[in-house]
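One structure below.
The values are calculated or read from the model by the stated rules, or taken from the named source; none is laboratory data. Just so it is clear, the structure is predicted and the values come from calculations on it, not from any experiment. Virtual Cβ from ideal backbone geometry, glycine too; neighbours counted across all protein chains shown. Remember, those area values only see protein heavy atoms, side chains included, never the ligands or the DNA or RNA. Shrake-Rupley method; radii C 1.70, N 1.55, O 1.52, S 1.80 Å.
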Protein chains: 2
Amino acid sequence: MSVQSKALEMKFFENFEHAVPDEKVRRILLNASEVFAKKGLAGTKIKDIAAKAGFSQGFVYNYFQSKDDIFTRLVDLAAEGAGISVKYASEQEGTPYEKIFWLTEALLSADSIAMQHWRLLMTQASSSEAVPEAAIKIVKEKAKLPFEHFIPMVMDGQKAGEIADDPPLVLAVTYFSIVQGLALTRIQNGNGIPFPTTEMVLRFMRKER
Amino acid sequence: MSVQSKALEMKFFENFEHAVPDEKVRRILLNASEVFAKKGLAGTKIKDIAAKAGFSQGFVYNYFQSKDDIFTRLVDLAAEGAGISVKYASEQEGTPYEKIFWLTEALLSADSIAMQHWRLLMTQASSSEAVPEAAIKIVKEKAKLPFEHFIPMVMDGQKAGEIADDPPLVLAVTYFSIVQGLALTRIQNGNGIPFPTTEMVLRFMRKER
DNA sequence: GTCTATAAGCCGATAGAC
DNA sequence: GTCTATCGGCTTATAGAC
């Protein structure tokens, strides 16, 4: 695990602990995120979440009103966290390309919690039906945050001649699609599968020199 | 839609119609693939599939034994179809890079049915639990087919100096991850979203000249 | 503070009507 | 050949025990 991803994960947890002060609630949410990521909203049983967190099924209802409630809360945290991660990267020292490199290392790190949340956010909450209204609303509002922090980095990189001169929005959409695709591959196949270097992942937006 | 993707889709349907002679069964399967892709195995209700295909809920059971049966059948077709698509591309005229370019155009084409199946295969069938045993077995057997046809193209391209000299397996894993990520973005956001050119998608494996 | 037991509702699968 | 009605099981959510 790289220094970068450790730093970002710390940042992420800092925010998480601030947003969710109760340790038991955090425990439920963290375990729920893994189960949701693997099985989807409908496929996840409250019993699965409770068992994974070390509680009985009924216990969860002392802290959450419903399964949808847990899901919506997680989507909110994930959307928030994704925005924070990209913003944090943009505030690091270095050239724009170095910042993006840094961010990519963190997002694709084998044991990055942020990655799980990311996949959860992007994949599930936009699958149209059976998703709680509240979750859809949150995604609509907050899903653009990562883009808002990413695109300025791209434009700076283009000015500096580090990044290819394609439309920044297209580069951003491509970037997050690729990160999501690689994260999914990791979640599905475990850490055993061969994985590209960060340098390879970023070639598509690297200015040829 | 490019000439290439039309050709591949025709090839794909040719195989589909051969493997599934009954038109009603095909209709159910095609509609089921869309619903499964959007909602996942657990989130898909038989009623959804039936309604989308224009049948009543009970009707489906004249042709399939269970929901798992439909799912497993689809996973099989998707695994088969993915292998056939890559093989077909490898048999086209042109340089290795041109063949991969061709394949990518076809897989990412906005209205490619193969794309839906692809996502279904990769994402769902490996989500560990609640997935029918039979489906898991099929994936284990057939999911490597695309790689077996893709890697020789990569190696040929490396010999010809068209493709970067990274390990072929890593390039292949990266390629299919990226295609999956982009396909997901399309499925979730529709055709309105900005999308990269094929050239951009393939930069990561293009040899710098 | 945490678990067990139970009620209510949903969905998959079947059987039988038209 | 296709639909409607129904049964049984599973899951959510609650209520009450320890």
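Summary table
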quantity	calculated
Dipole axis of the protein assembly as shown (+1 Lys, Arg; -1 Asp, Glu on Cβ), positive-most option in B:Ala19, B:Gln180, A:Ala183	B:Ala19
Across A:Lys87/A:Lys207; B:Lys87/B:Lys140; A:Lys140/B:Lys38; A:Lys52/A:Lys144; B:Lys6/B:Lys137, pairs whose alpha-carbon gap is larger than 28 Å	A:Lys52/A:Lys144; B:Lys6/B:Lys137
Solvent-accessible area, 1.4 Å probe, carbon plus sulfur percent, for the protein assembly as shown	53
Base-10 log of normalised Debye intensity for segment A:48-108 (one unit scatterer per alpha-carbon) at q = 0.12, 0.13, 0.22 Å⁻¹	-0.50, -0.55, -0.83
In the B-A interface, the accessible area buried, summed over both sides, Å² (probe 1.4 Å)	2900
Residues in segment B:35-67 occluded by at least 30 Å² - accessible area, probe radius 1.4 Å, against chain by itself	B:Lys38, B:Lys39, B:Ala42
Listing of segment B:108-143 residues, each with accessible area lower by at least 10 Å² in the full protein assembly than in the chain alone (probe 1.4 Å)	B:Arg119, B:Met122, B:Thr123, B:Ser126, B:Ser127, B:Ser128, B:Glu129
In Å², nearest 10: area of A:Glu162 left accessible to a 1.4 Å probe	30
Net dipole in debye of segment B:3-205 [+1 Lys, Arg Cβ; -1 Asp, Glu Cβ; about Cα centre; nearest 20]	740
0 to 90° range, to nearest 10: angle between helix A:168-189 axis and chain A longest Cα axis	50
Accessible-area ranking of A:Phe195, A:Phe71, largest first, probe 1.4 Å	A:Phe195, A:Phe71
Inter-label distance for B:Ala110 and B:Ala51, nm, one decimal - labels placed 7 Å from Cα along Cα-to-Cβ	2.7
Segment B:1-160 - accessible surface per residue (Å², probe 1.4 Å)	46
Cα centroid separation - segment B:43-104 against segment A:100-122, whole Å	30
Cα long-axis angle, helix B:96-108 against chain B (0 to 90 degrees, to the nearest 10)	30
